[in-house]
Amino acid sequence: TVMLRRTKDEVLPDLPTKRRIVQAMALNNRSEYDRVENDFIGWLRGKGKSVDKVAVISQIEYLKQVAVQEKLDNCIEWIYDCMENVNKVIVFATHHEVIDTLKLKLKEFKPVVIDGRVPEKKRTEAVDKFQNDPKVRIFIGNIQAAGTGITLTAADTTVFLELAWTPGDHDQAEARCHRIGQESESVTAYY
């Protein structure tokens, strides 16, 4: 017997199109974000050229966390609207708190979750449920933990509520449903 392995570049003409859409999302408490951002800018100016790069990254990460917390309710409302038009959705996030909130608030769609806290056996079960159970309509994944090595072709829509530090992580996460064997004609990635 023989197994023929082809790269994505070789089969790309056979794959349906992929679209990326940036969806603006209002913050619930813009003044809180502005306060944290101004504190960060003031802190940076005070450090001058002696700024510690690790500390800067930590502060930027904190800004990202404030932003996602302030837009999370609006994002969940948007996902509810989206679910009226699509069968299954993959939602990617970064932080456990966001993933836990999504699982709780979207429970009517029977979500399955893969993040760093989920053991390997449970990950396989979660993927199988999402792929095969019509009642399981949402997959919630951490961009790193669920962004590679799994196939989620039952969905045609991905939603990124938080951004990873590396754009390649988004490409990998999008590719979970943009694969040979996908059921829909195109894949849409909302950011």
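Checking each residue in region 139-160 for being outside any strand (DSSP E or B) and either open to solvent by less than 10 Å² (accessible area, probe 1.4 Å) or not hydrophobic (A, V, I, L, M, F, W, C) (or both) picks out I143, Q144, A146, G147, T148, G149, T151, L152, T153, A155, D156. Of all residues in region 72-89, none are among the basic types (K, R) and open to solvent by 40 Å² or more (accessible area, probe 1.4 Å).
Can you name the helices (runs of 4 or more DSSP H) wholly within region 1-102 that have at least 2 residues being modelled with pLDDT of 90 or more and charged (D, E, K, R)?
Numbers: elements: 8-11, 30-47, 53-83.
Passing ranges, in order: 30-47, 53-83.
For region 31-71, which positions are over 27 Å from I138 (Cβ atoms), among the charged types (D, E, K, R) and open to solvent by less than 80 Å² (accessible area, probe 1.4 Å)? Correct list: E32, D34, E37.
A quick yes/no check of all residues on (1) closer than 18 Å to R20 by Cα; (2) more than 10 Å from the chain's Cα centre (by Cα):
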position: E97; (1), (2): no, yes
position: I140; (1), (2): no, no
position: A145; (1), (2): no, yes
position: T151; (1), (2): no, yes
position: T166; (1), (2): yes, yes
position: S186; (1), (2): yes, yes
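Annotation note: Cβ proximity below 8 Å between a residue of region 23-37 that is closer than 21 Å to F160 by Cα and a residue that is surrounded by 12 or more Cβ atoms within 10 Å (Cβ to Cβ) and of a type in the set (G, A, S) (sequence gap 6+ or interchain) occurs for L27/A67; Y33/A67.
Scanning region 103-120 for residues that are outside any loop (DSSP other than H, G, I, E, B) and modelled with pLDDT of 95 or more returns K103, L104, K105, K107, E108, F109, V112, V113, I114. Could you list, in sequence order, all residues of region 117-135 that are more than 14 Å from G149 (Cα to Cα) and of a type outside the set (D, E, K, R)? The answer is V118, P119, F130, Q131, N132, P134. Among the residues of region 119-138, the one identified as in contact with a helix residue (DSSP H, G or I) (Cβ under 6 Å, 6 or more places away or on another chain) and either open to solvent by 20 Å² or more (accessible area, probe 1.4 Å) or without any contact (Cβ under 8 Å) to a residue 24 or more places away in the chain (or both) is R137.
The values are calculated or read from the model by the stated rules, or taken from the named source; none is laboratory data. Since the structure is predicted, the reported quantities are computational estimates derived from the model, not experimental observations. Methodologically, a virtual Cβ is constructed for each residue, glycine included, from the backbone with ideal geometry; neighbour enumeration extends over all protein chains shown. Surface areas here come from the heavy atoms of the whole protein model, side chains and all, with no ligands, DNA or RNA. Shrake-Rupley method; radii C 1.70, N 1.55, O 1.52, S 1.80 Å.
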